[in-house]
Each structure stands twice: as structure tokens, then as C-alpha cells.
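**Q** Have a look at this one before I ask anything.
Computed from the coordinates by the stated procedures, all read-outs in this text should not be read as laboratory data. Since the structure is predicted, the reported quantities are computational estimates derived from the model, not experimental observations. So basically every Cβ, Gly included, is an ideal-geometry build from the backbone, and we count neighbours across all protein chains shown.
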Amino acid sequence: MLGEYLTALLVAVLGYVYPVYLCFKALEKHRRKPEALRSWCVYWLVLAVYTVLVQICDRFVFWLPMYCEAKVAFVTYLWHPRTQGAIYIYETFVSPFLAKHEGEIDRRIEETRSSVGDVAARHVGAASDFVKAKFAALLAALPQAVPNKGGSSGYVPRNATEAAAMAYTRAPPKRD
């Protein structure tokens, strides 16, 4: 048995790191061959679906024998040149599903986008009002400078607490 940590490492290397390098090579060396880039786009789309499904399935079927090994084998199956599993899964399952539900998905995305925009605008307005109110309260709480007719400091404390604080900070206490 591979174990959770070794499985995570192998899935990261075989499912992400190595395919990223192969995708880089396809981008740099096969710029004029859109089919090479299409296959990698399909791979990443299928891997994204796989990642979401694994996040759900891991909580329920982790106890199955060879589950960890199956995950490693599956990500390898997706990109391997002999199997081209990502293309098969995309054409058999993902593409037909998305094509069938495309209108509904687009409608829900647009609804979500507009409602998120409304909520964000409402919260930005509320935050702005909150900051303005707090800043006005802060300015109102600042002590006001009042000219002192006989003294040199130019500031008259508003209460006994301010006077004591000012006296304490100006002169150190006398010790006998």
C-alpha cells in the first residue's frame, strides 16, 4: 500500500509536475500544431474534473483497497501517450455533459456574477460609510487646542485625567 503521503506526492509529480513540463514543451516546440495544444487543454480540463471528484470521493471511499494506487494509475492514464485517457474521458463524458447543460451553466454563472457584484457593491458602500463614521468620531474625540492666556504650552486640558497625564509626562516624579 502506498499510503496517503506517498500517493499525494506521486499524484503531484505524475499528475501535475511532469504534465506541466510536457505542456511547456508542446507550447514551445509545437507552436504551429494546435492539435498538440488541444490535447493538453483537454488534459487539464479532465484533471480539474478529477481533482474536484477526488476531493469528494476521498471522504467516502478512502478505505477501499488499492484506492491510493488507483489514483496514481488514473492520473498516469490521463496523460500517457499510449492511452490518451484524458481525450477519451473528455469525448465520452465531459464534453457531452457540458454541451447538454451549457445554457443552464452559462445562465447560472451570469446570475452568480451579477449577484456577487450587487453584494460587493453593497458591502463596499457599507464599509465606506463605516470608515467615514469612525473617522468623524475620531476627529471629534481629538482634544482641541485652546489658547492659554497665562501659560506657555497653548493647551488647556479638558478634565482632571488629561491634566494628570500631562503633568506625569512633563516632569518625572520627585523622590526623597
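**Q** Per residue of region 40-54, what does 6.51 cos²θ - 1.76 cosθ + 1.60 with θ = phi - 60° give for ³J(HN,Hα)? Whole Hz please, x for Gly and Pro, Karplus curve as stated.
**A** 6, 4, 4, 4, 5, 5, 5, 5, 5, 4, 4, 4, 5, 5, 5
**Q** Please arrange Ile105, Ile87, Ile56 by how many other C-beta atoms lie within 10 Å of their C-beta, fewest to most.
**A** Details: Ile105 12, Ile87 15, Ile56 9.
Ordered from fewest to most neighbouring Cβ atoms within 10 Å, Ile105, Ile87, Ile56 come out as Ile56, Ile105, Ile87.
**Q** Let me ask something else about it. Specify whether the C-alpha gyration tensor of region 4-110 places it in the rounded, prolate or oblate class, a ≥ b ≥ c being the square roots of the eigenvalues: rounded for a/c under 1.5, otherwise prolate if a/b is larger than b/c and oblate if not. It would help to have the intermediate numbers written out before the result.
**A** Working: a/c = 2.06, a/b = 1.11, b/c = 1.86.
Oblate.
**Q** According to the square roots a ≥ b ≥ c of the eigenvalues of the Cα gyration tensor, what is the shape class of region 71-126, taking rounded for a/c under 1.5, prolate for a/b larger than b/c otherwise, and oblate for the remainder?
**A** Numbers: a/c = 6.22, a/b = 2.38, b/c = 2.61.
Taking the square roots of the gyration eigenvalues as a ≥ b ≥ c, region 71-126 is oblate.
**Q** Ok, one more. Would you mind checking which residues have amide H under 5 Å from His80's amide H? H placed 1.01 Å from N; only 5 or more apart, or other chain.
**A** HN-HN under 5 Å from His80: Gly85.
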